[in-house]
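Read-outs: derived from the displayed coordinates by stated rules, not from any lab. Because the structure is a prediction, the values reported are computed rather than measured. Glycine gets a Cβ as well: all are built from the backbone with ideal geometry, and neighbour counts include every protein chain shown.
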Amino acid sequence: MLKFQDKLVVITGSGTGIGKAIAIKFAENGANIVILGRRKEPLEEAAKELQPIIDKAKSGAFVKIFPGVDVSDEAGVSQMFEDLKKAHGTVDILVNNAGVSGPVTCFTNSPMNDFKSTVGIHLTGTFWTSAQAIKSMKSGCRIITISTFFTEERPFEQRPYRFRSPYTASQGAKNRLAEAMSWEITDKGIVSIATNPGPVHSDRIYKTVYPKAAAEFMRVSGFENITPEEVETVNNDILPLLGEDENTVKNGIRQATSKLAKTKSITSELEIQKLDNTITSLLTKIQQIAEKIQNNTSKMIADEQFLSQQQVAETVLMLCDENISKILNGKVIPGDRVFYPVKPHIACSIPDTKPDYNSKVILFVVDATEESDVSRVEHLAQNIESNGGKTVILISKTSIKQAEERLAKFHSHVMDITSQENMKRMLNTATEKIGPINAVIYVTGKLPQVPKITELSRQQWDGLVDKFINTPALVLQQVLNRFVPGGAKNPPLFKEKEGNIIIIGPDMPSGSKVTGRDRAKVEVFRGALRPFVTTVNQELSDVLKSKIRIHLILPGSVDGTESDNSKILNAVNFFKSGKAITNSEVIYYPDETRS
């Protein structure tokens, strides 16, 4: 028998690219293949390509396609697994491969709908597809999740991936989700492994990610005589021209020139020709930078070679081997092929700092889960006010009732913090009535009691993703817009601007009997915030040249020690003092003692 004879393998995002390469390898080894994706045509083409491979293997296997299935779509995914269970019984292997590049731009300029969509496909898609597959799995079945090398490299390092904040947030969480699932499904005998293959030869990298990253560098500063906003508009028109023949490029540039000339009310033939030359130079510059990014990345690999899609497929098949998968259960494999130089973004030790809040306005945004979250806010706000500061507290309407009652002694409001318009309005109102906001402290609250992540309803899961990823991102973006009005579309406005944003939480669980399963659940969401904060800070400091910083405080410790609010206050004092701005450390574990 062939190695995967009679096994049913479901591969998401499998109409093209890596997903199709994985499907081919499984077909060569006798498996029944289920491929799915949003577009019907690539799936039909892939099925045609797979059938001769199956015939050659003489396995008698089949290919089934599920077109129009977006992994983030609750109903579509659920129905697909119901159909598979009824028709074929057990799903033996699930490969979570579906993904998108997402917006490739500074976080300040990233539309929140695109941010949420990227998280929805990469993270929620992986969660929901896995949760539904588990219902059709038995002992010996496997879940393989393909993630990225741009998230966490080692326990106390983060690797920023500028212009890719929603991507890094969802990928960081996805790695931790694969680990958390292994704790929850081990009693069923099901294995969960993630693999970070590193850079892979693909159209997504060469035609989308690298060119868009290069284009974003051009937008940030503007190019010659066109503004950042005009560069963004032009980029949308000319990026598809990369790799096309000379006539197509010339005609495309001519159309982009005509469009921009009308916007700028330019009618002179001489000025139009100058504009045409500028846009031609812009496209050339983008191509040069994209090639430089690719070259620089390859230099960080020992053999200077990106993997082929077939090599990634071989890796997945290896991880599905019965013996190897048992050994690697719960791991993220491999560590990485890219030796990426990183600064020490994480620290535990924080210098004692004298508080300085005289006449400063500190805004709290609070989504309290437990009374201890409320006590933390009280402790921080009281100390800030006793040292001359002014506080405003915005309480999420999803917070526990005690938050409104106990924080009423401060200048507080209960509101829907998930609304961009609400947040924008409240930030403007606070500035007008109390004064310029100097710092924002976002308290996420603790992770609610969750027996098993893999058994959550979709509504419960979406609520957690909103609480710990989407809503913090939304609030942070509105705060950055408040700190630098107009900066999203005119990036040079960020230069030398100051401001502090501090995210606190979620806490590591405390107690004498904290299990690995308990810690793994919280790490899913801490795993999203770490690379997200690191990425946005790199954009703020290295790209936008601002003095605005976002810091992440992760209370609690791996040994279950209760968090010390006085240490959190000391961290807030340190960040607010301005002394942390020259440090690369933007993530702090105040209760940990490791160095």
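The figures follow:
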{"quantity": "Pair D356, T227: separation of 7 Å Cα→Cβ label points (nm)", "calculated": "3.6 nm"}
{"quantity": "Calculated FRET value between A75 and E41, using beta carbons and R₀ = 25 Å, to 0.05", "calculated": "0.65"}
{"quantity": "Theoretical FRET efficiency, 1/(1+(r/R0)^6), r = Cβ-Cβ of M1 and V342, R0 51 Å, to 0.05", "calculated": "0.65"}
{"quantity": "Residue pairs, from the table K547/K576; K401/K433; K285/K547; K207/K489, whose Cα atoms sit over 18 Å apart", "calculated": "K401/K433; K285/K547; K207/K489"}
{"quantity": "For the chain, share of DSSP beta bridges that run antiparallel, in % to the nearest 5", "calculated": "5 percent"}
{"quantity": "Rounded FRET efficiency, nearest 0.05, which uses the C-beta distance separating N422 from K264 and R0 of 41 Å", "calculated": "0.70"}
{"quantity": "Taking the stretch 436-595 and dividing mean pair separation by its residue count, relative contact order in percent (alpha carbons under 8 Å, at least six apart)", "calculated": "25 percent"}
{"quantity": "Cross-link reach list, aspartates and glutamates versus K25, counting only Cα pairs under 16 Å and skipping chain neighbours closer than eight places", "calculated": "D6, E49, D55, D92, E314, D321"}
{"quantity": "Length added when fully stretched, S457-E585, from 0.36 nm per residue minus Cα-Cα", "calculated": "42.4 nm"}
{"quantity": "Label zone at K58 (point 7 Å along Cα-to-Cβ), backbone N below 19 Å, the stretch 14-31", "calculated": "27-31"}
{"quantity": "Segments 10-18, 300-308, 139-147 sorted - mean Cβ within 10 Å per residue, highest first", "calculated": "10-18, 139-147, 300-308"}
{"quantity": "Per-peptide average of other Cβ atoms within 10 Å, ordering 514-522, 320-328 highest first", "calculated": "514-522, 320-328"}
{"quantity": "Most to least packed among 274-287, 567-580, 339-352 [average Cβ atoms within 10 Å]", "calculated": "567-580, 274-287, 339-352"}
{"quantity": "Aspartates and glutamates whose Cα lies under 14 Å from that of K343, excluding same-chain neighbours fewer than 8 positions away", "calculated": "E152, E153, E157, D542, E585"}
{"quantity": "Cut-off under 5 Å, modelled amide H: who pairs with L552 long-range", "calculated": "I503, I587, Y588"}
{"quantity": "Structure-based [θ]222 nm, the chain - -39500 (n - 2.57) summed over DSSP H runs of at least 4, per residue, nearest 500", "calculated": "-14500 deg cm²/dmol"}
{"quantity": "Length-normalised contact order for the chain - Cα pairs under 8 Å, 6+ apart - percent", "calculated": "15 percent"}
{"quantity": "Reachable lysines, given that their alpha-carbon falls under 18 Å from the alpha-carbon of K397 and they are not under 8 places away in the same chain", "calculated": "K409, K424, K446, K467"}
